[in-house]
Amino acid sequence: MKELDGKQIESLIDKAIEIKKNQQKYWSALDHKSLAMVFQKTSTRTRVSFEVGMTQLGGHALYLDWRTTQFTMSDIKDESKCLSRFVDIIMARLLKHADLQKMADASEVPVINGLCEKYHPCQSLGDLMTIKEHKGKLKGLKVVYLGIGNNVSNTLSLGCVRTGVNFTLCAPEIDPLCIDNDLLAELRKSGLYKEEKDPKKAVEGADVVYTDTWVNMEFFTDPKFEKEKERRIKTCMPYQLNRKLVEVTNTLIMHDMPIHRGYEIDDWAIYAPNSIIFDQAENRLHIQKAIMLWLLGKIKL
Ligand code: CP
């Protein structure tokens with residue numbers, strides 16, 4: 001997302017909305033193209049949306065579990081360059097952004113970040129698409145992110161300020177793994193970024209309230225992280241997205257999933273009338289198609 005300006009981001013979103021409405025038109029758009037999907041971490045939505053998306057565009061997707069490939073024993077540069085000789089495009093969910101950068105540098109075909117410790121760009125593009133579908137516009141809206149500052153809030157905040165959306169981070173802290181000082185500088189310079197520690201104040205006048213896990217997926221069931229997990233739950237509980245906070249408002253409720261019910265969000269909010277969580281999940285499919293079509297030169301921004 002750092003490579004796209006606000007106009008390009010919004011153009012990509014508009015293409016995804018058009019693709020969603022005219023799915024048959026694109027059934028052969030990526031005929032005989034192949035997508036390699038490399039996963040170092042677990043996934044439901046990212047894997048399924050990219051694989052189904054590629055199939056629906058007439059191409060083919062390969063799922064590569066990092067642990068069953070030679071990436072485990074060889075240099076990422078060599079394996080990535082080789083992989084790029086077989087396929088037309090790569091999507092990778094890696095633990096470290098630095099490794100993703102090495103993969104992108106070595107690859108002869110486009111590499112998509114399917115989430116790393118710092119960013120989740122495809123998620124945020126799909127989120128902005130969902131907001132635009134529901135609100136009819138982006139510019140001038142107010143999005144509030146509740147919980148811990150992380151890879152999702154990083155890319156969502158960037159996408160928001162670049163498209164003219166006011167973004168409020170309502171978080172007790174930022175996950176140290178996710179800190180990006182250059183990004184923070186751009187956000188602060190935009191005049192559209194705010195930090196507010198009080199959830200009640202933060203959600204006043206919000207068009208969208210968004211939350212995500214307080215603990216990164218690779219640490220959630222790690223016994224070594226148990227103490228830190230308990231500390232975060234205690235610290236973040238006042239930031240839970242719940243009925244008390246948003247019931248009497250028209251504010252849209254978003255969560256990128258997987259959900260940790262009773263932690264960052266309560267049961268009511270997941271299925272509330274103003275929840276758009278499942279539209280948001282579905283839109284991963286449509287935005288992935290737009291991303292692949294753009295990177296393979298089939299659509300222009
Ligand atoms: N939101 C998201 O990326 O979901 P997965 O981790 O299931 O891919």
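The values are calculated or read from the model by the stated rules, or taken from the named source; none is laboratory data. These numbers come from a predicted model, not from an experiment. Using ideal geometry, Cβ is built from the backbone for each residue, glycine included, and neighbour counts are taken over all protein chains shown. Keep in mind that these areas ignore ligands, DNA and RNA; they rest on the heavy atoms of the full protein, side chains included. Shrake-Rupley method; radii C 1.70, N 1.55, O 1.52, S 1.80 Å.
Numbers below:
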| quantity | calculated |
| --- | --- |
| Ranked order, Tyr26, Tyr271 - accessible area, probe 1.4 Å, largest first | Tyr271, Tyr26 |
| Dipole magnitude of the range 87-217, debye to nearest 20 (Cβ charges: Lys/Arg +1, Asp/Glu -1, about Cα centre) | 500 |
| Solvent exposure, largest accessible area first (probe 1.4 Å, DNA, RNA and ligands not counted), of Thr235, Thr42 | Thr42, Thr235 |
| Two-decimal log10 I(q)/I(0) for the chain, as the Debye equation yields it once each C-alpha is a single scatterer, q = 0.07, 0.09, 0.16 Å⁻¹ | -0.26, -0.43, -1.36 |
| The range 200-301: trypsin sites (Lys or Arg not before Pro) in DSSP loop, at most 13 other beta carbons within 10 Å | Lys300 |
| Carbon and sulfur %, accessible surface of the chain computed with the full protein complex present, 1.4 Å | 51 |
| Per-residue [θ]222 nm for the chain (sum of -39500 (n - 2.57) over DSSP H runs n ≥ 4, rounded to 500) | -13000 deg cm²/dmol |
| Per residue accessible area of the chain, 1.4 Å probe, in Å² | 46 |
| Violating pairs (Cα-Cα greater than 30 angstrom) within the set Lys132/Lys224; Lys102/Lys132; Lys139/Lys234; Lys21/Lys139 | Lys132/Lys224; Lys102/Lys132; Lys139/Lys234 |
| Charge sum, other residues only, whose C-beta stays under 13 Å from Val111's C-beta, Lys/Arg counted +1 and Asp/Glu -1 | -2 |
| Taking the range 116-214 and dividing mean pair separation by its residue count, relative contact order in percent (alpha carbons under 8 Å, at least six apart) | 35 |
| Per-selection Kirkwood Rh - the range 1-156 (Cα, Å, 1 d.p.) | 16.8 |
